[in-house]
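The values are calculated or read from the model by the stated rules, or taken from the named source; none is laboratory data. Just so it is clear, the structure is predicted and the values come from calculations on it, not from any experiment. Neighbour counts run over all protein chains shown; Cβ positions are idealised from the backbone, glycine included.
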Amino acid sequence: MAGFVSLRSTLYGGEVPQFSAEVPSLLGVPIARTPADLKGADVAIIGIPQGGLASPGRMTNEWSDYGRAIDQMRLQSLRYGGYLPEHDIDIFDHLKVVDWGNAEIPKDDPERANENVVRMVAEALDAGCRVITVGGCVPTANYAVAKGVARATKGKIGTISLDAHGDCLDVLSPAIGRARPGPGTWQRRLWEHCQNVDPAKHVEIGMRGPRNVREMVETYRRNGARLYPAATVRQSGMATICAEAFPHAFDGMERTWFSLCMDVLDIGAIPDWGDEPMGLSAVDVVQAAHEAAKRGLDVMALHFVAPDSPGAQRLACYILVYLMAGWVMHDNPQAGKARP
C-alpha cells in the first residue's frame with residue numbers, strides 16, 4: 001500500500017493512516033474502524049459520500065458527483081497541521097481526533113443511507129465524542145445528521161444553520177410531496193420527525209436572493225427562530241451576529257448542532273467553485289464555526305463540499321481546524337490567550 005506524506009509527518013515523522021492506497025485519513029489523524037475505536041476520542045469525523053438530488057433551476061446532474069468530495073478533501077487536508085498562530089493553539093495537543101471513515105450510502109436505498117448516517121452520529125455521541133460530518137447533500141448530510149443527534153439526546157436540541165436558502169418549506173412541489181425530507185423541505189420534516197429538535201431554537205444565517213420564497217421567512221418568524229439574511233451579516237459583521245444569535249440556539253439546550261452548507265459562501269469566495277452571489281465571505285464562515293465551538297457546539301455538519309475544487313476543499317479544512325480550536329478554547333479557557 002502506497003504511503004502518504006503530510007505536513008505533520010514531514011515535520012515530526014510517523015506514517016499517515018490510510019483507508020486504501022488512494023485515501024488517507026482526514027488531517028492524518030488515527031482511523032477508527034469500529035465503535036470500540038471511538039473510546040477515549042474527543043472528536044469523531046464521519047464522511048458522507050453522497051451526491052445531490054436534482055432541484056428546480058439546476059441541471060439534473062449538477063450535484064450528482066458530490067459524493068467524491070470527501071475523499072478528495074482527505075488528500076487536500078494533508079497540507080495542514082493543527083497549529084493556529086493567531087491563537088497559539090495546536091488542536092492536536094489538546095484533542096484526540098479520529099476519522100471514522102465514510103457512512104455507507106447505497107445508491108438505490110435512501111432510507112438505508114439515512115439510517116447509516118443516523119446510526120454513526122448517534123454512536124459517536126454515545127461514545128462521548130463531538131462529531132464532525134463532512135460531505136454529502138440533502139438529506140443525509142443535514143436531516144440524517146440531526147436525526148442522529150436527536151436519537152442520542154433526551155433533551156432539547158438547538159440548531160445553527162448557515163445556508164443561502166431557507167429549507168423549511170412544507171412542500172417543494174406536488175410531484176415530490178411531503179413524505180420524505182428533500183431539497184427545500186428537510187428542516188420542516190426534521191421538526192416533524194424529531195420532537196426534541198426545537199424549531200423555536202433555530203438560527204438561520206445567510207439567506208439571500210430569489211431562490212427563496214416568503215413562506216420560508218414566515219415559517220421561521222412564526223416558530224420564534226432567529227433569521228439573519230446575508231445583508232444583515234454584511235451590515236453588522238459576523239462577530240456581532242454570533243454574539244446576538246448564538247445564545248438563542250444554546251441557552252437551555254442539551255445539545256446544539258450546526259448545519260453549514262457551502263452555498264452560503266459568495267460565488268466569488270472560492271475561485272474554482274461558487275453557487276450564489278451576494279453571500280458570506282470565507283472569513284465569515286470560519287469565524288461562525290469557531291465561535292459556535294467556543295460556546296460548546298456538539299455537532300458540525302459541513303456539506304455541499306464541491307468535488308474537483310481544491311479551493312472548496314481547502315476552505316473546508318480551515319473551517320474544521322478553526323472549529324476544533326474553538327473546542328479547545330471552550331474546554332480550556334486559558335488556551336488561545338494572546339501573548340505579549
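Residue pairs whose Cβ atoms lie under 7 Å apart, sitting 6 or more positions apart in sequence or on different chains, and linking a residue in the range 16-33 that is without any contact (Cβ under 8 Å) to a residue 24 or more places away in the chain to a partner that is in a strand (DSSP E or B), are Gln18/Pro24.
Filtered by the rule that a residue be polar (S, T, N, Q) and modelled with pLDDT of 95 or more, the range 35-76 gives Gln72, Gln76. Val286 passes every criterion in (1) in contact with a Cys (Cβ under 8 Å, 6 or more places away or on another chain); (2) without any contact (Cβ under 8 Å) to a residue 40 or more places away in the chain apart from (1).
Screening Arg234, Arg214, Arg180 for residues that are more than 19 Å from the chain's Cα centre (by Cα), over 21 Å from Ala288 (Cα atoms) and free of Cβ contacts under 8 Å to residues at least 12 places away in the same chain leaves exactly one candidate, Arg214.
Tell me whether the range 103-125 contains one or more residues that are over 19 Å from Arg295 (Cα atoms), within 16 Å of the chain's Cα centre (by Cα) and not in a helix (DSSP H, G or I). Yes, the range 103-125 contains a residue that is over 19 Å from Arg295 (Cα atoms), within 16 Å of the chain's Cα centre (by Cα) and not in a helix (DSSP H, G or I). Scanning the range 200-211 for residues that are over 20 Å from Ile241 (Cβ atoms) and in contact (Cβ under 8 Å) with a residue 24 or more places away in the chain gives a single hit, Arg211. Within the set Arg234, Arg222, Arg189, the sole residue that is assigned to a helix (DSSP H, G or I) and closer than 22 Å to Gly136 by Cα turns out to be Arg189. List the pairs whose first member sits in the range 91-109 and is touching a residue at least 60 places away in the same chain (Cβ under 8 Å), whose second member is of a type in the set (Ser, Thr, Tyr) and surrounded by 18 or more Cβ atoms within 10 Å (Cβ to Cβ), and whose Cβ atoms are under 7 Å apart, counting only residues at least 6 apart or on separate chains? Between residues of the range 91-109 that are touching a residue at least 60 places away in the same chain (Cβ under 8 Å) and residues that are of a type in the set (Ser, Thr, Tyr) and surrounded by 18 or more Cβ atoms within 10 Å (Cβ to Cβ), the close pairs are Asp99/Ser25. Filtered by the rule that a residue be touching a Leu at 6+ places or on another chain (Cβ under 8 Å) and assigned to a strand (DSSP E or B), the range 256-282 gives Thr256, Trp257, Phe258, Ser259, Leu260, Cys261, Leu265, Asp266, Ile270, Leu280. Look through the range 145-177, keep the residues that are of a type in the set (A, V, I, L, M) and within 12 Å of the chain's Cα centre (by Cα), and return whichever of them is surrounded by the most Cβ atoms within 10 Å (Cβ to Cβ). If we take residues in the range 145-177 being of a type in the set (A, V, I, L, M) and within 12 Å of the chain's Cα centre (by Cα), then Val145 is surrounded by the most Cβ atoms within 10 Å (Cβ to Cβ).
Each residue in the range 270-285 was checked for being surrounded by 20 or more Cβ atoms within 10 Å (Cβ to Cβ) and at pLDDT 95 or above, and 4 of them qualify. Residues in the range 302-327 that are of a type in the set (A, V, I, L, M) and either over 19 Å from Gly128 (Cβ atoms) or in contact with an Asp or Glu (Cβ under 8 Å, 6 or more places away or on another chain) (or both): Leu302, Val305, Ala306, Ala312, Leu315, Ala316, Ile319, Leu320, Val321, Ala325.
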